[in-house]
Amino acid sequence: MKNISLLTTGGTIASRFNPETGLLTSGMLTGEELKSMCELPDDINVTVRSVFQIPSNQMNENTLWALKEAIETELAQEEVDGVVVTHGTDTLEETAYFLDLTINDSRPVIITGSQRGPNVMGTDAFVNIKQSVLAAASEKTRDAGVIVVFNERIFTARYVKKIHASNIAGFYSDGYGYIGTVDQETVKVYQKPAEREYFPISSPVERVDIIPSYLGSDGVFIQASRKKGAKGIVLEGSGRGHISPLAMEEIEKAVEEGIMVLITTRAYEGDVRHVYDFPGSVFDLTNRGVLSGSDYDSKKARIKLAVLLRAGCSKEEIQSHFA
């Protein structure tokens, strides 16, 4: 019999109707309460632990660290075959990627959630939990890193994104697709990441901000980030990774102060690349000391940059890890 640890952190999947507001209160159900509502497989032993009971918009650097430690505590037990984490969907993709970069174990770590609460008509809570448990117990999901199971599909943490605010098909991987499926009781994995990255860190990450560029944007938010003590800044550029020239002065100041500044694109697919030479182009930015973020979206780039900084990587090493 397989042994799976189910760690719960709150979110919509653990929500309960509040008669005073007529709305859902996120994270109200404990792990044991949630498990009692599910029809989990009889041939898999599931042990439950409530780590947090919060909506996922309350996740931060400290709760990420606490969740990482909780997972590693479970994986320290040889009899544990895999771990499932239930999580709110708002920040699920960021948590999944942080764990993917900082946990080094071949056993499956599955992240899931739901778009509809357990007591809402048509809820996806119970099927997502059941299918995540099945995936965690499968040998096919080993050595795939941290993965997300949602709406019968299996995604890598690196590329998964929340693409819909409310639909139960809320997650997808633009340009890359899902790597497998869970169809009722059957787990299928068609492909796995060609490479896995792991960066050992010994404490929570420090502040890294995301700053978008838009028509006519200037450096006001970059200035605020600098003054707030950010260790890194991820610029979300347009197209190939272009920034309004009005922001360039503040970007230069950030680089001069030793802040790691990295450029990404707000486009769903495609790489940041040298194509143009106008002010605010990737060519201009990298000549001024900005790092290139390849095909990373801003949220995943922020997580990776924060981890690399905490791991003590140099500027050159950080660039190579993004390349």
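Observations on the model:
- Selected residue (only one of TYR276, TYR296 is at pLDDT below 95 and in the same structural domain as PRO212 (by TED's automatic domain parsing)): TYR276
- Within region 238-251, the set of residues being surrounded by fewer than 20 Cβ atoms within 10 Å (Cβ to Cβ) and closer than 21 Å to VAL275 by Cα comprises SER238, GLY239, ARG240, SER244, PRO245, LEU246, MET248.
- Every test in (1) touching a Ser or Thr at 6+ places or on another chain (Cβ under 9 Å); (2) under 19 Å from ALA301 (Cβ atoms) is passed by LEU246 save one, and that test is (2).
- Scanning region 183-198 for residues that are touching an Asp or Glu at 6+ places or on another chain (Cβ under 7 Å) and in a loop (DSSP other than H, G, I, E, B) yields a single hit, LYS192.
- Residue match in region 214-237 (condition: surrounded by fewer than 17 Cβ atoms within 10 Å (Cβ to Cβ), part of a strand (DSSP E or B), at pLDDT 95 or above and more than 18 Å from the chain's Cα centre (by Cα)): no
- Filter pass, VAL120 being in contact (Cβ under 8 Å) with a residue 40 or more places away in the chain and part of a loop (DSSP other than H, G, I, E, B): yes
- Residue list for region 21-35, filter: touching a Gly at 6+ places or on another chain (Cβ under 6 Å) and aliphatic (A, V, I, L, M): LEU24
- Residue check, GLU139 free of Cβ contacts under 8 Å to residues at least 12 places away in the same chain and of a type in the set (Asp, Glu): yes
- Residue satisfying all of: in region 166-211; free of Cβ contacts under 8 Å to residues at least 12 places away in the same chain and within 19 Å of ALA135 (Cα to Cα); surrounded by the most Cβ atoms within 10 Å (Cβ to Cβ) among these: GLY177
- Those residues of region 73-105 which are out of contact with any strand residue (DSSP E or B) (no Cβ under 6 Å at 6 or more places or on another chain) and closer than 15 Å to ASN3 by Cα, in sequence order: THR73, LEU75, ALA76, GLN77, GLU78
- Evaluation of ILE201 against the conditions (1) assigned by TED's automatic domain parsing to the domain that holds ALA137; (2) assigned to a loop (DSSP other than H, G, I, E, B) shows that the sole unmet condition is (1).
The values are calculated or read from the model by the stated rules, or taken from the named source; none is laboratory data. This structure is a prediction, so every number in the text was calculated from the model and none was measured. Don't worry about glycine lacking a Cβ; one is built from the backbone with ideal geometry, like all the others, and counts go over all protein chains shown.
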